[in-house]
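K.L.:
Have a look at the structure that comes next, please.
Each reported figure results from applying straightforward, stated rules to the coordinates on display, with no laboratory input. Since this is a predicted model, take the numbers as computed values, not measurements. Don't worry about glycine lacking a Cβ; one is built from the backbone with ideal geometry, like all the others, and counts go over all protein chains shown.
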Amino acid sequence: MQYEQDMLRHLQLAELEILKDIDRVCREYDIAYWLDSGTVLGARRHGGFIPWDDDIDLGMPRDDYERFLEVAPAALGERFRVTCSRSNPHQAALFSKVMLVGTRFVTDETEEAGFDQGVFVDIFPYDAVCAEPAAAKRQRRRCVMWQSLSYLYHSKHIVVPHKGALGVVEKAACRIAHYVVRAVLSPERINRGFDKVAMIAKGDPKSEMLMASSYAAIEPYPKSMLMPPSVIVFEGKEFFAPADVEGYLRTQYGRTWNQLPPEDQRRNHAPKELYLGMDS
């Protein structure tokens with residue numbers, strides 16, 4: 001599915017409404033968060049959404065993330081549904097989503113997994129990274145492993161890095177791996193394994209770095225680059241951002257972060273089915 005421009009904008013505005021309520025709850029309960037990844041890039045470069053982007057990403061320190069999961073279901077109210085892989089065995093992503101009730105955002109992967117996904121905002125926990133370099137490397141590698149196993153468990157149709165003959169081989173290997181993983185693991189076991197390694201450095205006073213554990217292949221950030229959050233304008237409203245926005249963007253996207261990518265590299269997550277509700 002490709003978006004018509006009006007539909008993309010309606011989707012962005014629906015996600016913005018979710019973000020506003022998340023921001024309200026976080027301020028009410030003193031929960032730290034920041035606009036993450038392409039969302040803060042859009043805020044800094046465009047003053048709002050990247051024009052072709054179709055999702056909102058947030059980051060939270062682990063303790064704030066767990067606190068949010070405790071209070072958000074009641075504090076957000078009946079318009080929203082909070083889901084995470086611990087409580088929903090059909091969710092492959094090892095992070096949380098706040099979804100707008102009465103909407104649908106269906107992909108091949110969510111359909112195969114039986115995951116009832118609405119229009120959403122993603123929330124990523126940020127964990128302390130082991131201070132010792134070799135231990136940090138193991139920690140990050142194992143986080144990547146558990147997230148990959150979760151995707152393989154829930155779907156045999158995994159996006160592979162290559163096309164042509166090599167891509168055919170990779171897809172076949174993923175289908176085989178899917179059945180093997182389902183035979184030996186469960187969602188509960190995957191979540192326990194991921195949480196254990198993601199939080200292995202929690203409370204370590206020597207740890208100076210934080211990582212988005214579900215995307216641990218991305219380079220970690222100095223704690224001072226993320227905390228305390230700063231303020232940035234996104235779609236005409238103030239939200240929280242990493243402490244050093246430009247340092248964060250250079251770390252994730254390189255020194256050319258402020259340059260627009262070629263048109264053939266402007267990707268989004270267009271679903272196979274999108275329903276924004278009766279009033280959309």
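K.L.:
Could you compute Rg(Cα) / (2.2 N^0.38 Å) for region 108-178, with N its residue count?
P.N.:
On the way: Rg = 15.6 Å, N = 71, 2.2 N^0.38 = 11.1 Å.
For region 108-178, the normalised Cα radius of gyration comes out at 1.40.
K.L.:
Output the pairs from Lys20/Lys272; Lys156/Lys237; Lys97/Lys196; Lys171/Lys196; Lys97/Lys171 with a Cα-Cα distance over 32 Å in this structure; if there are none, say none. Mind showing how you got there, number by number?
P.N.:
Numbers: Lys20/Lys272 26 Å; Lys156/Lys237 41 Å; Lys97/Lys196 21 Å; Lys171/Lys196 30 Å; Lys97/Lys171 28 Å.
Among Lys20/Lys272; Lys156/Lys237; Lys97/Lys196; Lys171/Lys196; Lys97/Lys171, the Cα-Cα distance tops 32 Å for Lys156/Lys237.
K.L.:
Next question. Helix by helix through the chain, keep the DSSP H runs that span 18 Å or more along the axis on Cα and average at least 0.5 on Kyte-Doolittle, and give those back in order. Provide the component values of the computation, followed by the final result.
P.N.:
Details: long enough: 5-28 (35 Å, -0.43); 62-76 (20 Å, -0.39); 133-154 (32 Å, -0.78); 164-184 (30 Å, 0.91).
Membrane-span-like by this criterion, though nothing is claimed about a membrane: 164-184.
K.L.:
At a 10 Å Cβ-Cβ cut-off, how would you order Ser230, Ser214, fewest neighbours first?
P.N.:
On the way: Ser230 13, Ser214 23.
With the fewest neighbours first, Ser230, Ser214 line up as Ser230, Ser214.
K.L.:
When a footprinting reagent is the concern and you count Cβ atoms within 10 Å, what order do Glu235, Glu188 take, fewest first? Don't skip to the answer; put the middle values down first.
P.N.:
Numbers: Glu235 18, Glu188 11.
So the ranking, lowest neighbour count to highest, is Glu188, Glu235.
K.L.:
Here's something else I'd like to know. For region 79-131 and region 200-256, what is the separation of their C-alpha centers, rounded to whole Å?
P.N.:
After rounding, the separation between the Cα centres reads 21 Å.
K.L.:
Also, I was wondering about something else. Once you charge only the Cβ atoms, +1 for Lys and Arg and -1 for Asp and Glu, what is the size of the charge dipole of the chain about its Cα centre, to the nearest 20 debye? Write down the numbers at each step before the final one.
P.N.:
Values: 35 positive and 40 negative charges, 237 e Å.
Charge dipole, the chain, about its Cα centre: 1140 debye, nearest 20.
K.L.:
Could you work out the relative contact order of the chain, using alpha carbon pairs under 8 angstrom and six or more residues apart, expressed as a whole percent? Write out the running numbers ahead of the final one.
P.N.:
Details: 478 pairs, mean separation 67.7, N = 280.
Rounded, it is 24 percent for the chain.
K.L.:
Would the chain count as rounded, prolate or oblate if I go by the C-alpha gyration tensor, calling it rounded below 1.5 in a/c and otherwise prolate when a/b exceeds b/c, oblate otherwise? Write out the running numbers ahead of the final one.
P.N.:
On the way: a/c = 1.27, a/b = 1.05, b/c = 1.22.
Since a/c stays below 1.5, the shape of the chain is classed as rounded.
K.L.:
Test of understanding: ordering Ser186, Ser150 by Cβ neighbours within 10 Å, fewest first, what list do you get? Display every interim value, and only then the final one.
P.N.:
Details: Ser186 12, Ser150 24.
Ordered from fewest to most neighbouring Cβ atoms within 10 Å, Ser186, Ser150 come out as Ser186, Ser150.
K.L.:
If you average the sequence gap of Cα pairs under 8 Å that are 6 or more apart and divide by the length of region 43-179, what percent do you get for the contact order?
P.N.:
Numbers: 165 pairs, mean separation 29.9, N = 137.
Relative contact order comes out at 22 percent.
K.L.:
Moving to a separate point now. Percent of Cα-Cα pairs more than 27 Å apart in region 1-138, please. Walk me through the intermediate numbers first.
P.N.:
Numbers: 2188 of 9453 pairs.
The calculated P(r) of region 1-138 puts 23 percent of pairs beyond 27 Å.
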